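Engineer: This is the structure, below, for whatever I ask next.
The values are calculated or read from the model by the stated rules, or taken from the named source; none is laboratory data. Small disclaimer: the values here were computed from a predicted structure and weren't measured. For neighbour counting, all protein chains shown are included, and Cβ atoms are generated from backbone atoms with ideal geometry for every residue, glycine included. Side chains included, ligands, DNA and RNA excluded: accessible areas come from the protein's heavy atoms. Shrake-Rupley method; radii C 1.70, N 1.55, O 1.52, S 1.80 Å.
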Amino acid sequence: MTDTTLNVDHVTKRYGSSSTEVTAVKDVSLSVKPGEIVLIMGPSGSGKTTLLSMLGALLKPTEGEIHLNGTIISALSEKHLPDIRLKQFGFIFQDFNLLSALTALENVSIVAELAGMKGVAARKKSAELLADLGLAGRLNFLPEKLSGGEKQRVAIARALINNPTLILADEPTANLDSKIGHEIMRLLRQIAKEQNRSVVIVSHDQRIKDIADHVLWLEDGQFKEIVSMAIDPVCGMSVEREKAFHLSLNGMDYYFCAKGCRDEFAADAEKYQQTNEASF
């Protein structure tokens, strides 16, 4: 078993040829560990969707390799990819992509059935998963009867139903207001950490940076900037090191989302250090 879920090794994607050739993604490399959340940001046309499509085995790179749990999925023939997409990936889309004629329960259970689970078992597992996401009372509702936040929770349940190795989310907060969008992303972070699942998100939404372990900036098909993140030991929020409140203590560096967290830590540092050590 590898210590990384996903490895992207010098991947390039070009369209067209000679004078009409366009390079959408240029020499990109990254790795994602189990339980890690990577957020890829950048302007429109920067190559985010192309990159995400290659990570999800929907597009083949022109150059480079993509490894999923040690398997070079970018080298596999198309006949092997549908099963990998169904069982190894969980996809979350900005417009939810729920089937309008199916209930919330059916939208999730149909994916489990496609992967080979029997109908009764698929419905039972789907109902339990939806209940865990706070939708126990919405199982038999059609998508048109659900709020945007509820639809995205159904989409998350659908992405999780086959126990995927990697969750890929494309602009998952685009159709949600800021409060609901952030709540949904914090829920996704919680699930990723508890279940040790890797997550890659592409988004324009600056407000969800705090849920990521790493933030990458993609522009003109290349990573231009990497934002270093740290966990506030008091509140558990992910914060940018460069913008955080900083404290050095006994040779260790700590980063905080606010002065209040920093002061609370400084008043009883031993308490928080013991708590954080116990969590590992």
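Engineer: Find the Cα radius of gyration of the stretch 88-139, compare it with 2.2 N^0.38 Å by division, and give the number to two decimals.
Structural biologist: Working: Rg = 11.0 Å, N = 52, 2.2 N^0.38 = 9.9 Å.
Cα Rg divided by the expected 2.2 N^0.38 Å: 1.11.
Engineer: Top to bottom by accessible area (1.4 Å), largest first, where do Ser18, Ser238, Ser29 land?
Structural biologist: On the way: Ser18 100, Ser238 5, Ser29 50 Å².
Largest to smallest exposure gives the sequence Ser18, Ser29, Ser238.
Engineer: For Leu76 and Ser19, calculate 0.36 nm times their separation in residues minus their Cα-Cα distance, and state this gained length in nm to one decimal.
Structural biologist: Values: separation 57, 0.36 × 57 = 20.52 nm, distance 2.98 nm.
So the extension gain works out to 17.5 nm.
Engineer: Roughly how many Å² of Glu144 are accessible to a 1.4 Å probe, to the nearest 10?
Structural biologist: 140
Engineer: Among DSSP beta bridges whose residues both lie in the chain, state the antiparallel percentage, nearest 5. Could you put the intermediate results ahead of the total?
Structural biologist: Values: 28 of 46 bridges.
If we restrict to bridges inside the chain, about 60 percent are antiparallel.
Engineer: Could you work out how much longer the chain between Glu144 and Ile84 gets when fully extended? Use 0.36 nm per residue separation minus the Cα distance between them, nm to one decimal.
Structural biologist: 18.6 nm is the gain from fully extending Glu144 to Ile84.
Engineer: Going through the cross-link list Lys125/Lys145; Lys125/Lys193; Lys145/Lys193; Lys33/Lys151; Lys26/Lys151; Lys26/Lys193, which pairs have a Cα-Cα distance over 25 Å in this structure? Present the calculation step by step, with values, prior to reporting the outcome.
Structural biologist: Values: Lys125/Lys145 22 Å; Lys125/Lys193 20 Å; Lys145/Lys193 31 Å; Lys33/Lys151 28 Å; Lys26/Lys151 35 Å; Lys26/Lys193 31 Å.
Too far apart for the 25 Å limit: Lys145/Lys193; Lys33/Lys151; Lys26/Lys151; Lys26/Lys193.
Engineer: Pick out, from Leu114, Leu166, Val154, the residue whose Cα sits farthest towards the positive end of the charge dipole of the chain, with +1 on the Cβ of Lys and Arg and -1 on the Cβ of Asp and Glu.
Structural biologist: Sorting the options by dipole projection puts first Leu114.
Engineer: May I pose another question? Mind giving me the nanometre distance, one decimal, between the label points for Glu128 and Asn163, set 7 Å out from Cα along Cα→Cβ?
Structural biologist: The answer from the label model is 1.1 nm.
Engineer: Within the stretch 43-64, find all residues whose amide N lies under 15 Å from a label point positioned 7 Å from the Cα of Gln222 along Cα-to-beta-carbon.
Structural biologist: Counting backbone N atoms under 15 Å from the label point, the list is 46-47.
Engineer: Sequence gap at least 6, Cα distance under 8 Å: using those rules, report the relative contact order of the chain to the nearest whole percent. Walk me through the intermediate numbers first.
Structural biologist: On the way: 539 pairs, mean separation 59.7, N = 280.
Relative contact order for the chain comes out at 21 percent.
Engineer: Right, next: Give me the percent of accessible area attributable to carbon and sulfur for the stretch 110-247, probe 1.4 angstrom.
Structural biologist: Values: 3250 of 6440 Å².
Ligands and nucleic acids excluded, carbon and sulfur reach 50 percent.
Engineer: Using a 1.4 angstrom probe with every protein chain in place, what is the largest-first accessible-area order of His67, His204?
Structural biologist: I get His204, His67, largest accessible area first.
Engineer: Which value in nm describes the separation of the simple spin-label points at Ala269 and Val120, placed 7 Å from the Cα toward the beta carbon?
Structural biologist: 6.0
Engineer: Could you report the stretch 122-280's accessible area per residue, 1.4 Å probe, as an integer in Å²?
Structural biologist: Values: 7980 Å² over 159 residues.
Using a 1.4 Å probe on heavy atoms only, each residue of the stretch 122-280 averages 50 Å².
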